[in-house]
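The values are calculated or read from the model by the stated rules, or taken from the named source; none is laboratory data. All values derive from a computational prediction rather than experimental measurement. Cβ atoms come from the backbone with ideal geometry, glycine included; neighbour counts cover every protein chain shown. To get the accessible areas, we keep the full protein, side chains included, count just its heavy atoms, and leave off ligands, DNA and RNA. Shrake-Rupley method; radii C 1.70, N 1.55, O 1.52, S 1.80 Å.
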Amino acid sequence: MSKMVKSESSSSDVPLSKPWQSYQTVYTNAKAGMDGVEKEKVQRIVYEMSKGSKYFENEERKEALMRQRTDNMRERLGKLSITDIAHYQKIAERRITELEATRDLSRIWLHVDMDAFYAAVETLSNPSLKGKPMAVGGMSMISTANYEARRYGVRAAMPVFQRYDLNFISASLDEAYLDITEVCRERDVRSDEVAEEIRRSVFEETGLICSAGVGPNRLLAKIGGIGKVTEHILRTAFEIDTCKDLLEKGGFLCALFSPSSADFFLSVGLGLGGTDTPQARLRKSMSNERTFSATEDEAFLYQKLAELSHILSTDLQKEGLRGRTLTLKLKTASFEVQTRAVTLPKCICSSEDILLHAKKLLKAELPASLRLIGSKAV
DNA sequence: TACATACAC
DNA sequence: TATGGTGTATGTA
């Protein structure tokens, strides 16, 4: 599900008297339709209940890492000479002009997002739930896509979408992008009218409610792009809070980030992104992982690994795929994630082959107290 | 190539 | 006492 609401992550120093305020990502309740909830109160209660847990300590470790990255960036920033700054400012200006020249405002993109998708699917198959408060949970607490949902997904609304854009892009189970340029021109209707029409048709034909946003490209149709860590670095090290800032401080970005990262930031600043019509890309990897209560029991760990290898093998064969690099993923009792990989002379897909190599990788890491094992084929 | 991170959903 | 699963991209060594 897409989150249109960004958490207002604490940019720098949080008063010590309110430590829970720095844990926005984990304990946020910033979801549409939750305006009436006392945000700070919820945050404080969850914080009180969680502090001291191993998970929490790991979150603190990650926060410290993020601060370190920010400090490091600040330091590099401080070391730039006047000449450097002038040099990179020129580079940024040139790049901004080049990027701006590629701006294409001729297309009209529509982003469709199913509202409360899992709950809606559940209600359709069990109408007695209608109007009742409901939460959909998967394994443990967060909803995961079960096979029913996967089969369903945006596919339910596909016939509608196809009437407007034969090549519409399904971005995930509950999101799709439609290029409605031609429809608007041929029928001489405004994009917001088309959006409304699609919303109504989807509801009439599937019973699902969706939101739709319009823009000249997919980035703007949806709004998004920068994650929590990047946002923190941009805000605190560069004092970049807005798209305008991204452009004005482009010189610093060009100086301290790789050309491709700098390009990405400048494009976001210009509101560029997603005007192309990508051909359906092929899958590049397949993976699976399981969480369990932390244990050092080697028999148990090897058993889990065998199960995962078997599942991965069946999934690979179902799609007729094979992999040449096998990656083992581990999460320790203290929530640190590790990956170990081997690249083989030949592609494999049988559960025996996968298990054989996965076992070798695991063996090298034992003894260890683990709470998750995963396997991936690329 | 191997590994870690970040990100999206 | 307790916090998911799957996939992609990218930086770095």
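Take A:Arg324 and decide whether it is at pLDDT below 90, away from DNA strand C (no atom under 12 Å from the Cβ) and more than 30 Å from A:Leu166 (Cβ to Cβ).
Taking the combined requirement at face value, the residue satisfies it.
Return the total of residues in the stretch A:215-238 being open to solvent by 50 Å² or more (accessible area, probe 1.4 Å), away from DNA strand C (no atom under 16 Å from the Cβ) and out of contact with any Asp or Glu (no Cβ under 7 Å at 6 or more places or on another chain).
2
Do you know which residues across the stretch A:239-257 are under 24 Å from the mean Cα position of the chain (by Cα) and either crowded, with 20+ Cβ neighbours inside 10 Å or within 13 Å of DNA strand B (Cβ to nearest atom) (or both)?
The answer is A:Ile240, A:Leu246, A:Leu253, A:Phe257.
So A:Gly251 passes all but one of these: (1) part of a helix (DSSP H, G or I); (2) within 13 Å of DNA strand C (Cβ to nearest atom). Which condition number does it fail?
(2)
Looking at the stretch A:191-214, which of the residues that are assigned to a strand (DSSP E or B) and of a type in the set (A, V, I, L, M) is least open to solvent (accessible area, probe 1.4 Å)?
Within the stretch A:191-214, the subset assigned to a strand (DSSP E or B) is A:210-214.
Pick out the ones that are also of a type in the set (A, V, I, L, M) and you get A:212, A:214.
On the way: A:Ala212: 38, A:Val214: 59 Å².
Applying the filter and picking the extreme gives A:Ala212.
Within the stretch A:361-371, track down each residue that is of a type in the set (A, V, I, L, M), within 16 Å of A:Thr291 (Cα to Cα) and more than 13 Å from DNA strand B (Cβ to nearest atom).
Matches in the stretch A:361-371: A:Leu370 only.
Kindly provide the set of residues from the stretch A:269-286 that are modelled with pLDDT of 75 or more, part of a loop (DSSP other than H, G, I, E, B) and not charged (D, E, K, R), ordered by number.
Within the stretch A:269-286, A:Gly271, A:Leu272, A:Ser285 qualify.
Here is a list of conditions, (1) surrounded by fewer than 16 Cβ atoms within 10 Å (Cβ to Cβ); (2) more than 14 Å from DNA strand C (Cβ to nearest atom), and A:Leu282 meets all of them except one; can you say which number that is?
(2)
Would you point out which residue out of A:Leu301, A:Leu330, A:Leu266 is open to solvent by less than 20 Å² (accessible area, probe 1.4 Å) and touching an Asp or Glu at 6+ places or on another chain (Cβ under 7 Å)?
Of the residues listed, the single one that is open to solvent by less than 20 Å² (accessible area, probe 1.4 Å) and touching an Asp or Glu at 6+ places or on another chain (Cβ under 7 Å) is A:Leu330.
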